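No lab work stands behind these numbers, since they all come straight from the coordinates. The structure presented is a predicted model; accordingly, all values stated were derived computationally and were not measured. Heads up, the Cβs are rebuilt from the backbone with ideal geometry, glycines too, and the neighbour counts pull from every protein chain shown.
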Amino acid sequence: MTLQPVGSSQKQYQCLRIGAESFRVIAALYALAFDDPWPEPSVRELLSVPGTWGMVALDSGNAGSDDPNQPVGFILARVIVDEAEILSIGVPPQLRKAGIGHALLAAGLQRAQEIGATQVFLEVGKDNPAAMALYSHIGFRQVGMRKNYYRRSDGALVDALVMQKNI
Ligand SMILES: CC(C)(COP(=O)(O)OP(=O)(O)OC[C@H]1O[C@@H](n2cnc3c(N)ncnc32)[C@H](O)[C@@H]1OP(=O)(O)O)[C@@H](O)C(=O)NCCC(=O)NCCS
């Protein structure tokens, strides 16, 4: 795994840029964090798209794993000119509510700003209170809604809120 520090540390978790060749690390975290994860080839393909990048949070001895260099969460994002989009963010269930998601999102926003973004967009399912709380607490506000945007594994259709934040 190749990790490229971008000098971001939020709360107690160090968040590092991860190279496209390390797609397996993100795919593995994806599989832990989501019921319907993207398969490895999709993560690999996504990370090869210009402007798209990933970051992982390291345990740094705080999340309770044996290895301080253990990745404990990921974020995927892209920047096109001055607009960034958070594509995905995930933390394994047993490590949630410990500030990892917040640290990753803050580090992702910082990087987006560093490479020229002035605003950030994302979509979140209306059935996802944890993600909505995370985004609201960091200053995102709802600017739109996409009806029946997600199809869950049980077939249920769920609206997506479109959220935005100036950075
Ligand atoms: C969304 C997710 C990344 C949050 O990660 P996390 O590490 O648990 O988040 P944090 O501990 O940093 O919490 C961030 C804030 O959200 C709040 N929050 C987190 N989970 C919450 C929950 N289940 N209910 C209410 N609030 C919650 C926290 O209280 C915290 O508030 P604060 O900043 O005022 O302290 C995580 O729940 C996850 O991986 N979910 C599955 C994947 C997913 O749905 N990703 C988003 C797709 S849009």
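Backbone geometry of segment 93-99 corresponds, through the Karplus equation with coefficients 6.51, -1.76 and 1.60 at θ = phi - 60°, to 3J(HN,Hα) couplings of x, 6, 10, 6, 6, 10, x Hz, x marking Gly and Pro.
The count of lysine pairs in the chain that are at least 8 places apart or cross chains, and whose C-alpha atoms lie under 20 Å apart, stands at 4. For the chain, modelled as a GNM whose springs connect Cα atoms under 10 angstrom apart, the maximal fluctuation among A112, A98, A84 occurs at A98. The residues packed around A133, meaning those with a beta-carbon under 15 Å from its beta-carbon, carry a net charge of +4 if Lys and Arg are +1 and Asp and Glu are -1. Close amide H partners of Q70, meaning residues 5 or more places away or on another chain with modelled amide H under 5 Å apart, are D59, S60.
Between S88 and L76, the built amide H atoms are under 5 Å apart, and every one of these is 5 or more places off in sequence or on another chain. Applying the Karplus relation 6.51 cos²θ - 1.76 cosθ + 1.60 with θ = phi - 60° to segment 74-91 yields 3J(HN,Hα) values of 9, 9, 10, 8, 9, 10, 10, 6, 10, 10, 10, 9, 7, 8, 6, 8, x, 9 Hz, where x marks Gly and Pro. Over the chain, DSSP H runs of length four or greater, each weighted -39,500 (n - 2.57), average out per residue to a 222 nm ellipticity of -7500 deg cm²/dmol. Charge dipole of segment 55-112 (Cα centre as origin; +1 on each Lys and Arg Cβ, -1 on each Asp and Glu Cβ, all else neutral): 140 debye, rounded to the nearest 20. Here the 3J(HN,Hα) profile of segment 28-37, calculated from phi with Karplus coefficients 6.51, -1.76 and 1.60 at θ = phi - 60°, is 5, 5, 4, 5, 6, 8, 10, 6, 10, x Hz, Gly and Pro shown as x.
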